[in-house]
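K.L.:
I'd like to ask you about the structure that follows.
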Amino acid sequence: MDLNYTKEEIAFREEVREFLAESLPSELAAKVRAGEELTKADQERWHAILNARGWLAPNWPVEYGGCGWDAVRRHIFEEECALAGTPRIVPFGLAMLGPVLMQFGSDEQKAHYLPRILNGDDWWCQGYSEPGAGSDLASVRTRAVRDGDHYIVNGQKTWTTLGQHANMIFCLVRTDPDVKQQAGISFLLVDMNTPGVEVRPITLLDGTPEVNEVFFDDVKVSVENLVGEENKGWTYAKYLLTHERTNIAGVGFSRAGLAAVKRIARQEMAGGRPLIENPYFAARLAQVEIDLMAMATTNLRIISRAASGQAPGVESSMLKVKGTAIRQEINNLARHAAGPFAMPFVSEALEGDNNSIGPDYARPVTRQYLNNRKLSIFGGSNEIQRGIIAKTMLAGGAR
Amino acid sequence: MNFELTEEQQMLQDTLRRFLADRYDSSVRNGILDSDLGYSPDIWRQLAELGVIGALFTEDQGGFGGSGIDIATVFEELGRAGVVEPMLDTAIIGGGLIAALGDDAQMPLVEFVIAGETHLALAHGEAGARYDLDHVATRAEERDGDILLSGRKAVVVNAEAADYLIVSARDSGSVTSQEGISLFLVPRDAAGVTLVGYPLVGGGRAAEVALDGVRLPATARLGASGAGYTALNERLAAAHVALSAEALGAMESATALTRDYLMTRKQFGRAIGTFQALQHRFADLMVEMEQARSVVILAAGHLEDSAPTRDLNTAAARNLIGRVGRLVAEDTIQLHGGIAMTQEYELAHFAKRILMTDHRFGDADYHLERFVALSSAAA
């Protein structure tokens, strides 16, 4: 057993650090650090910088313009990006649709869409969830009816993250209503500029319009935009979900979050001393830090086992439950560390126009805390994950 | 990065696991728990013959292992089988202290320990000291070139079986000073040593030890005068790895019993493991078990590192194992229901063994405080 990285991996980490130090625009890093909302242009700018270096698609094979990195290198890259305060890579095209097209798409689809994802020509969003469906994804009601060489799509998607920026959406649609739920689903690519597509923002409890409703009213979609076979969409959807979970542990985000809590707690004064010296606060902080040390090691153990980038099964459910609980607890500590200045709801402050209310570090904490309640809900709620863990482990499998 | 055991460690694990599965079932263990000695000399001899004790010492010390991972490998298996034999006290602490501090005349004791022929006990804790390592009221006085020890030692694990007690006593300093603490090798049957023995909740035995003017030659001193605190602190790092790994092994057995029970026990016409309320509690146990496994790897893997790194990781391990251990002990009992309340059912022993780990050399809160102090020193 050796808890150290290999020489090559250490050199790789150094290379990533140097690249980030040179190429990450300081105004972007400052925005990420301050928890300010990133614009579409910010996201596209960072994607273009990574793409120029050839590092935009860590999980893609080299033949499609990806990095071809193994799991350990991807982990190092993600960790360094989080610590440096880079914008997140927007996952919908790169982490989700890309692998599905490579596995199940036609040659024309691969040739057309994959380069456009890398070059930023398309911004994809995910049309999975529907009103009332919750974690029960297979209960898709959006209908696609074949009409010659087109489908006519009617229905509604919801929780569509950053759909306001997107020009393309990949959708689960029901093509056969008369069979078992999972058997009548197809995977369809829809241009959002098609007549009949309407996007309406949903304001979240933190005040941001991060997600949307997407309505389909007699939307005409060419059959060329069907991925794989009709009625096999559930297989592709599940494949996508395993890729959605590859960075599920969020170790880098937690480390960066913990460092931010410490920065706040060193500056906040409580009873004439820095808050970080308050034994009650220090104990809560230490406990989550210990949990994170253990979880990071669990993550590395799973990564080192997942040879050839294969997506793990029940382990990712375990990482999701623990990793999200840790991130949420860190958000909670940040909110408490900020004290009364966690209360003002000043959306302009988030944009950096208002410097008069409270310390800078207090501005994003409540918004982040509220926003990250989503972590234990999306991607299969933590209760769904517990069901998966119990069923797998009780069946005697897994290890 | 590599989380695999070496071939030797894998062999050690396999051998020990097989041996204990064959020879240490619950009826054997219950017999040992009921015995006057509180441990089995026969099992101890066989463990020595298998090389299990030797695996806890480095080659320089006469063994063939001694790394943090070696220690964790052995203790995880001991924990898995619910072994109550005094491996921690005789080998890790006693043998380890002599190997670190002993002079030429004392060193052969390490060989006897590895051969399974000598038992040791650390007589350090005192009433009122809780887990404070620097709290030593017992005095050592020079008298005509000899040493006189006087004091009371509390919950001295394995004292009755021990051929020697390793006694901490003050040459100088106030009761809670880190300076002035020294260690002495005291034959258990020395004049002035009185033991009042009793069984422990988690298995094994301990004693209250009275030292009334115990007269020892100067050669009984183990290590330099005043070196006791540092030596104990160093050695307890290994004890923390052993305790954490042992608790992990016991937790693995407790959760394995629970898994089997959930799938066989029927209520309302269904296996109780099909009820979601129980499934989710079990899932949380599985998640926390991965945390426990990881933190034992961290503590074991960093045992040979610099003191600040080593201690930060052992503090983290003892804190997390204390918390998760309690969760596992309490929830595995709850998930079983009434059967787990009986002494006869195997889970009882594992649960008690896990819980009592959190009372040796600091509990979860003690180690959390230690972690905070170590982190702020590093910041």
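Per-residue answers, yes or no, for (1) closer than 14 Å to A:G85 by Cβ; (2) acidic (D, E); (3) assigned by TED's automatic domain parsing to the domain that holds A:T366:
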| residue | (1), (2), (3) |
| --- | --- |
| A:E15 | no, yes, no |
| A:A21 | yes, no, no |
| A:L24 | yes, no, no |
| A:K31 | yes, no, no |
| A:G35 | yes, no, no |
| A:T39 | no, no, no |
| A:L50 | no, no, no |
| A:L56 | no, no, no |
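K.L.:
Continuing with the same structure: Conditions first: (1) among the small types (G, A, S); (2) modelled with pLDDT of 95 or more; (3) surrounded by fewer than 23 Cβ atoms within 10 Å (Cβ to Cβ); (4) farther than 15 Å from A:V221 by Cα. A:G163 passes all but one, so which condition is the exception?
P.N.:
Answer for A:G163: the failing condition is (3).
K.L.:
(1) open to solvent by 50 Å² or more (accessible area, probe 1.4 Å); (2) at pLDDT 95 or above; (3) more than 14 Å from chain A (Cβ to nearest Cβ); (4) not in a loop (DSSP other than H, G, I, E, B): which one isn't true of B:L37, the others all being true?
P.N.:
Tallying (1) open to solvent by 50 Å² or more (accessible area, probe 1.4 Å); (2) at pLDDT 95 or above; (3) more than 14 Å from chain A (Cβ to nearest Cβ); (4) not in a loop (DSSP other than H, G, I, E, B), B:L37 fails exactly one: (4).
K.L.:
Search segment B:202-222 for residues that are within 15 Å of B:E142 (Cα to Cα) and pair each with any residue that is assigned to a strand (DSSP E or B) and of a type in the set (K, R) when their beta-carbon atoms are under 8 Å apart and the residues are at least 6 apart or on different chains.
P.N.:
B:R215/B:R143
K.L.:
Does A:A362 satisfy the condition of being assigned by TED's automatic domain parsing to the domain that holds A:A259, open to solvent by less than 50 Å² (accessible area, probe 1.4 Å), at pLDDT 95 or above and closer than 20 Å to A:A265 by Cα?
P.N.:
When the stated conditions are applied, A:A362 does not pass them.
K.L.:
Could I ask something else about it? Quickly run through segment B:325-369 and pick out the residues that are farther than 22 Å from B:F282 by Cα, surrounded by fewer than 21 Cβ atoms within 10 Å (Cβ to Cβ) and within 14 Å of another protein chain (Cβ to nearest Cβ).
P.N.:
Correct list: B:D363, B:A364, B:D365, B:Y366, B:E369.
K.L.:
Considering segment A:282-304 alone, what residues qualify as being among the charged types (D, E, K, R) and under 22 Å from B:A373 (Cα atoms)?
P.N.:
Once the filter is applied, which keeps residues that are among the charged types (D, E, K, R) and under 22 Å from B:A373 (Cα atoms), segment A:282-304 yields A:R284, A:E289, A:D291.
Listed here are the residues, each with its yes/no results for (1) in contact (Cβ under 8 Å) with a residue 60 or more places away in the chain; (2) among the aliphatic types (A, V, I, L, M).
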| site | (1), (2) |
| --- | --- |
| B:T230 | no, no |
| B:S244 | yes, no |
| B:D260 | no, no |
| B:M263 | no, yes |
| B:F275 | no, no |
| B:R281 | no, no |
| B:M286 | no, yes |
| B:G301 | yes, no |
| B:D305 | no, no |
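K.L.:
Name the residues in segment A:232-242 that are in contact with a strand residue (DSSP E or B) (Cβ under 6 Å, 6 or more places away or on another chain) and open to solvent by less than 40 Å² (accessible area, probe 1.4 Å), would you?
P.N.:
In the first step, residues of segment A:232-242 are kept if they are in contact with a strand residue (DSSP E or B) (Cβ under 6 Å, 6 or more places away or on another chain); the result is A:233-234, A:236-237.
A:G233, A:Y236, A:A237, listed by residue number.
K.L.:
Can you tell me how many residues in segment B:358-379 are of a type in the set (G, A, S) and in contact (Cβ under 8 Å) with a residue 60 or more places away in the chain?
P.N.:
So the count comes out to 4.
K.L.:
Looking at B:D36, B:D89, B:D14, B:D42, which one is under 30 Å from B:T230 (Cα atoms) and charged (D, E, K, R)? Walk me through it before giving the result.
P.N.:
On the way: B:D36 fails: under 30 Å from B:T230 (Cα atoms); B:D14 fails: under 30 Å from B:T230 (Cα atoms); B:D42 fails: under 30 Å from B:T230 (Cα atoms).
Checking each option against the conditions leaves just B:D89.
K.L.:
Would you check if A:T142 is β-branched (V, I, T), in contact with a Lys or Arg (Cβ under 9 Å, 6 or more places away or on another chain) and either modelled with pLDDT under 95 or open to solvent by less than 40 Å² (accessible area, probe 1.4 Å) (or both)?
P.N.:
For A:T142, the condition - β-branched (V, I, T), in contact with a Lys or Arg (Cβ under 9 Å, 6 or more places away or on another chain) and either modelled with pLDDT under 95 or open to solvent by less than 40 Å² (accessible area, probe 1.4 Å) (or both) - is met.
K.L.:
Among residues belonging to segment A:1-40 that are within 14 Å of another protein chain (Cβ to nearest Cβ) and assigned to a loop (DSSP other than H, G, I, E, B), point out the one that is nearest to B:F3 (Cα to Cα).
P.N.:
The residue in question is A:M1.
K.L.:
Right, another one. Which condition number in (1) among the aliphatic types (A, V, I, L, M); (2) more than 8 Å from chain A (Cβ to nearest Cβ); (3) assigned to a helix (DSSP H, G or I); (4) open to solvent by 20 Å² or more (accessible area, probe 1.4 Å) is the one that B:M263 fails?
P.N.:
Result: B:M263 fails condition (2) only.
K.L.:
Give the residue, chosen from B:V241, B:V196, that is over 30 Å from B:A317 (Cβ atoms) and either more than 10 Å from chain A (Cβ to nearest Cβ) or surrounded by 18 or more Cβ atoms within 10 Å (Cβ to Cβ) (or both).
P.N.:
B:V196
K.L.:
Let me ask you something else. Answer yes or no as to whether B:G63 is within 25 Å of B:A317 (Cβ to Cβ), out of contact with any Asp or Glu (no Cβ under 6 Å at 6 or more places or on another chain) and buried (at least 22 other Cβ atoms within 10 Å of the Cβ).
P.N.:
Against the criterion (within 25 Å of B:A317 (Cβ to Cβ), out of contact with any Asp or Glu (no Cβ under 6 Å at 6 or more places or on another chain) and buried (at least 22 other Cβ atoms within 10 Å of the Cβ)), B:G63 qualifies.
K.L.:
Any idea which residue in segment A:245-256 is nearest to B:A379 (Cα to Cα), counting only those that are open to solvent by less than 20 Å² (accessible area, probe 1.4 Å) and away from chain B (no Cβ under 14 Å)?
P.N.:
Of everything passing the filter in segment A:245-256, A:G252 is nearest to B:A379 (Cα to Cα).
K.L.:
Could you please let me know if A:P61 is outside the structural domain of A:T297 (by TED's automatic domain parsing) and farther than 20 Å from A:I169 by Cβ?
P.N.:
Details: outside the structural domain of A:T297 (by TED's automatic domain parsing): yes; farther than 20 Å from A:I169 by Cβ: yes.
Yes, satisfied.
K.L.:
Can I ask one more? Can you name every one of the helices (runs of 4 or more DSSP H) wholly within segment A:58-119 that holds 3 or more residues which are closer than 30 Å to B:M1 by Cβ and open to solvent by 20 Å² or more (accessible area, probe 1.4 Å)? So that I can check it myself, show each step before the final result.
P.N.:
Numbers: elements: A:71-84, A:98-104, A:107-119.
Correct list: A:71-84.
K.L.:
In addition: In segment B:18-34, which residues are outside any helix (DSSP H, G or I) and of a type in the set (S, T, Y)? Give the steps one after another, and end with the answer.
P.N.:
Just the residues of segment B:18-34 that are outside any helix (DSSP H, G or I), to begin with: B:24-25.
Listed by number, the list holds a single entry, B:Y24.
K.L.:
B:E4 - would you say it is open to solvent by 60 Å² or more (accessible area, probe 1.4 Å), under 22 Å from B:A317 (Cβ atoms) and in a loop (DSSP other than H, G, I, E, B)?
P.N.:
Answer is yes for this residue.
K.L.:
Right, here's the next one. Quick check, is B:A91 surrounded by fewer than 18 Cβ atoms within 10 Å (Cβ to Cβ), of a type in the set (G, A, S) and closer than 25 Å to B:S168 by Cβ?
P.N.:
So B:A91 fails the test.
K.L.:
Report yes if A:R373 is within 14 Å of chain B (Cβ to nearest Cβ), at pLDDT 95 or above and part of a helix (DSSP H, G or I), otherwise no.
P.N.:
Considered against the rule, which asks whether it is within 14 Å of chain B (Cβ to nearest Cβ), at pLDDT 95 or above and part of a helix (DSSP H, G or I), A:R373 comes out as no.
K.L.:
Does B:E246 count as in the same structural domain as B:E330 (by TED's automatic domain parsing) and of a type in the set (D, E, K, R)?
P.N.:
Here the answer is yes, as B:E246 does meet what is asked.
The values are calculated or read from the model by the stated rules, or taken from the named source; none is laboratory data. Predicted model only: the values in this text are computed from it and were never measured. Backbone-built Cβ (ideal geometry, glycine too); neighbour counts: all protein chains shown. Calculation scope for accessible area: heavy atoms of the full protein, side chains included, ligands and nucleic acids excluded. Shrake-Rupley method; radii C 1.70, N 1.55, O 1.52, S 1.80 Å.
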